[in-house]
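The structure under discussion appears below in the form of structure tokens.
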Amino acid sequence: MDPNLLAEMHGENWRELADLAKRNRLDPAQSQRFLDLYRAASKDLSQIMTVAPDSLEAARLSAIVHRARNHLSSVPAGGLSGIARYFAIALPLSIYRLRWDFVVIALAFLAASVLAGVWAGTHPEVLDTFGDYEYRRQFAEQDFVEYYKENPNGFFAIGVWTNNAWIAVQFVLLGVTGVFVLQGLLLNAVNVGFSGAMMFEFDRGADFFLYILPHGIPEISCILLAAAAGLRLFFAWVIPGPQLRRTKLAREARSLLVVAGGLVIMLFLSGLIEGFVTPNPLPPALKIAIGVAYTAAIVVYAGTLGRRAARAGLSADLEDHEAGYAIVATDR
């Protein structure tokens, strides 16, 4: 559509949006009007940028939409606006979008771990594949607990963090293959189940949960979130919908790489818990409560800010004029 004609048709709405964006407070009716105008102006900007990205109308409307977006998201302009937008919009929104993917993967992971543990615990020949009786006894009565205590706390925390962060980043980046994520999840689930079976074989089930839950709840949650992001990339590639396959994959990749960066930070805090809380002689209930509280904080963070950003129609992706405009696929 001709930019001048579009400006003539919707120019009044653009001016109204610009006026509302300048106000510090909006009543409920004004807020709804503001949101409607913002969405309409964003669509107008997309049309203009497709046909005339260098036009005066494109520059004018781009400034209005940018100002409205800052007002809508409460992210300040300036040198730190990119960082503020990342933590206030992009990261929580990206995690929020993965909430149901995460639930499905978490339930499947838990089921696989339990089934593997029960199978190994009820079939001695399976446990024999891990080592003889003496090896398993030493693992349950000594090695499992000593693993968390044999190195200095800080050194152990950094080592755990780098390992888990690398796994999470791989799950996201290589998730497009599908197989890599599924294989990794299955191996980890079986490993957890078999380790539990060996601990219970020698009546050390309490130690198993005491030493795995404080850090395991947030740590495994982060790894499963990375798996959810990776599989989302896989399905964007396999089932792109009306967009070109490369366009759909690029959009999802830009948004989900945000999750990879956030998980590195989250896993760092989880590593501190594993390095300093798990081996600490604190009351067991307190140690587990710390892990649960940290996980709950992530849920509240993503649920509150992510839901607000989703309702406002915001995106974790780059702006269209930065990332390129999507083309509707007619023949892939």
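What distance in nm separates the two pseudo spin-label positions at PHE202 and THR122, each 7 Å out from Cα along the beta-carbon direction?
The modelled label-to-label distance comes out at 2.5 nm.
Choose one of GLY117, LEU26, MET9: the residue whose Cα lies farthest towards the positive end of the charge dipole of the chain (beta-carbon charges +1 Lys, Arg; -1 Asp, Glu; about the Cα centre).
MET9
Helix-only estimate, please: 222 nm mean residue ellipticity of the chain, summing -39500 (n - 2.57) across DSSP H runs of length 4 or more and dividing by its residues, to the nearest 500.
Numbers: 14 runs with 246 residues, N = 332.
Helix-only estimate at 222 nm: -25000 deg cm²/dmol.
Calculate, in nm to one decimal, what ARG99 and PHE209 gain on full extension: separation in residues at 0.36 nm each, minus their alpha carbon distance. Display every interim value, and only then the final one.
Values: separation 110, 0.36 × 110 = 39.60 nm, distance 2.56 nm.
The ARG99-PHE209 span can extend by a further 37.0 nm.
What accessible area per residue comes out for the chain, rounded to a whole number of Å², with a 1.4 Å probe?
Numbers: 17460 Å² over 332 residues.
Here the residues of the chain average 53 Å² of exposed surface.
Evaluate the distance, in nm, between pseudo-label points positioned 7 Å from the Cα of GLN183 and of GLU8 along their respective Cα→Cβ axes.
Inter-label distance under the simple model: 6.2 nm.
Give me Rg/Rg_expected for segment 178-239, where Rg uses Cα atoms only and Rg_expected = 2.2 N^0.38 Å with N residues. Before the final figure, lay out the partial values.
Numbers: Rg = 14.8 Å, N = 62, 2.2 N^0.38 = 10.6 Å.
In units of the globular-protein estimate, segment 178-239 measures up at 1.41.
Within 10 Å of each candidate Cβ there may be at most 16 other Cβ atoms; applying that plus a DSSP loop requirement, which trypsin sites (Lys or Arg not before Pro) in segment 1-50 survive? Before the final figure, lay out the partial values.
Details: sites: ARG15, LYS22, ARG23, ARG25, ARG33, ARG39, LYS43; in loops: LYS22, ARG23, ARG25.
Answer in residue order: LYS22, ARG23, ARG25.
Could you tally the net charge around GLY275, taking each other residue with its Cβ under 15 Å from the Cβ of GLY275, Lys/Arg +1 and Asp/Glu -1? Please report the intermediate quantities before stating the final value.
Numbers: positive: LYS149, LYS287; negative: GLU146, GLU150, GLU219, GLU274.
With Lys, Arg at +1 and Asp, Glu at -1, the net is -2.
Around ASN164, what is the net charge, scoring Lys/Arg as +1 and Asp/Glu as -1 over all other residues with Cβ under 12 Å from its Cβ? It would help to have the intermediate numbers written out before the result.
Numbers: positive: none; negative: GLU219, GLU274.
For residues surrounding ASN164, the net value is -2.
Expected output is a single nm value to one decimal: the length gained when fully extending between ALA108 and ASP36, i.e. 0.36 nm times separation in residues minus the C-alpha distance. What is it? Mind dumping the intermediate values first?
Details: separation 72, 0.36 × 72 = 25.92 nm, distance 3.98 nm.
Contour length minus Cα-Cα distance gives 21.9 nm.
Tell me, in nm to one decimal, what length is gained between THR50 and TYR135 on full extension, where the rule is 0.36 nm per residue of separation less the Cα-Cα distance?
Stretched out fully, the THR50 to TYR135 stretch lengthens by 23.9 nm.
Enumerate the lysines that LYS43 could reach by cross-link, defined here as Cα to Cα under 30 Å, with residues fewer than 8 away along the same chain left out.
By straight Cα distance, LYS43 reaches LYS22, LYS248.
Using the Cα centre of the chain as the reference point, and only Cβ charges (+1 on K/R, -1 on D/E), how large is the resulting charge dipole? Debye, rounded to the nearest 20. Can you show the working numbers first?
Details: 28 positive and 30 negative charges, 246 e Å.
The dipole of the chain has a size of about 1180 debye.
Given a 1.4 angstrom probe, I'd like the percentage of the accessible area of the chain that is carbon and sulfur, rounded to a whole number. Before the final figure, lay out the partial values.
Numbers: 11210 of 17460 Å².
Exposed carbon and sulfur together represent 64 percent of the surface.
Among the lysines, which fall within straight-line cross-link reach of LYS287, defined as a Cα-Cα distance under 20 Å, with same-chain neighbours fewer than 8 residues apart omitted?
Those lysines meeting the cut-off are LYS149.
Say the dipole of segment 141-205 comes from +1 at the beta carbon of Lys and Arg and -1 at that of Asp and Glu; which of ALA189, GLY175, PHE155 then lies farthest toward its positive end?
GLY175
Only Cα pairs within less than 10 Å get springs; with that Gaussian network setup on the chain, which residue of LEU282, LEU37, LEU17 has the largest fluctuation?
Greatest mean-square fluctuation among the candidates belongs to LEU282.
Could you list the square roots of 5 times each eigenvalue of the Cα gyration tensor of the chain, that is, the equivalent ellipsoid semi-axes, sorted largest first and rounded to whole Å? Write out the running numbers ahead of the final one.
On the way: eigenvalues 481, 98, 43 Å².
Over the Cα atoms of the chain, the semi-axes work out to 49, 22, 15 Å.
If we count every other residue with Cβ under 13 angstrom of ALA229's Cβ, Lys/Arg +1 and Asp/Glu -1, where does the sum land? Before the final figure, lay out the partial values.
Working: positive: ARG97, ARG99, ARG232, ARG254; negative: ASP101, GLU252.
My count for the surroundings of ALA229 gives +2.
Quick one: dipole size for segment 188-265, taken about the Cα centre, charges +1 on Lys/Arg Cβ and -1 on Asp/Glu Cβ, in debye to the nearest 20. List each step's numbers first, then the result.
On the way: 7 positive and 5 negative charges, 167 e Å.
Charge dipole of segment 188-265: 800 debye, to the nearest 20.
The values are calculated or read from the model by the stated rules, or taken from the named source; none is laboratory data. Computed from a predicted structure; not experimentally measured. All Cβ positions, even for glycine, are placed from backbone atoms using ideal geometry, and neighbour counts span all protein chains on display. Accessible surface areas use protein heavy atoms only, side chains included; no ligands, DNA or RNA. Shrake-Rupley method; radii C 1.70, N 1.55, O 1.52, S 1.80 Å.
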